[in-house]
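Novice: Questions regarding the structure given below will be posed in turn.
Please treat every number below as a calculation from the coordinates, not as lab data. Treat the numbers as computed from the prediction; the structure is a model and nothing was measured.
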Amino acid sequence: MRASEKIHGPYAETPDNAQNSREDIVFDFTGRKAIVTGGSRGIGRAIAEKFIHSGARVSVCGRSEARSLDFKAECSSPENLHTSICDLSDTASIQGYVAAAADALDGIDILVNNVSAFARSDTEEDWIAAFTTDVLGTWRTCKRPCRGWSRRRTPRSFISDR
């Protein structure tokens, strides 16, 4: 990045002599509330950690209670992390999780759909399971948080890797 270029959006300015690398970009999500599905491990956990490090309050869900508890114990700001178990192939589980996350965070500003069930084999059963989690789970997770975002004055974000 050249010194004359400005980064806009939720980015803080980098020093003029900084090299153009991901480590140099600092995000400011102070006061924002984010949900990260599949956030108890892997890429989802890294995303959640970056949000927390950048000032956001975050809720993550995953299939393993042990991983969620480990993340909470290892988190640098556990007071800014809400964890829960959620089966993203189950509508009631999703609705319960999103409602609990919204209550714990006092709202939702950002939704990151990160979970995937990947079809493990080329059987119809595995493809249906993957579709139910990856596509329908993503759609079902979006329904509640996105309702009403257009009426708010502050920007909201929806991110999906599906």
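Novice: For residue 81, list long-range residues whose amide hydrogen, built 1.01 Å from N in the peptide plane, is under 5 Å from its own amide hydrogen.
Specialist: HN-HN under 5 Å from residue 81: 58.
Novice: OK, next. With θ set to phi - 60°, apply the Karplus curve 6.51 cos²θ - 1.76 cosθ + 1.60 along the stretch 122-134 and write out the HN-Hα couplings as whole Hz, x wherever there is a Gly or Pro.
Specialist: 8, 9, 4, 4, 5, 5, 5, 4, 5, 4, 4, 7, 6
Novice: Another question, if that's okay. If the viscosity is 1.567 mPa s and the temperature 4 °C, what Stokes-Einstein diffusion coefficient in µm²/s follows for the stretch 51-119 when Rh is the Kirkwood radius over Cα pairs?
Specialist: So the translational diffusion coefficient is about 102 µm²/s.
Novice: Based only on Cα atoms, what Rg/Rh ratio does the stretch 87-145 have, Rh being taken as Kirkwood's radius?
Specialist: Checking Rg against Rh, the ratio lands at 1.05.
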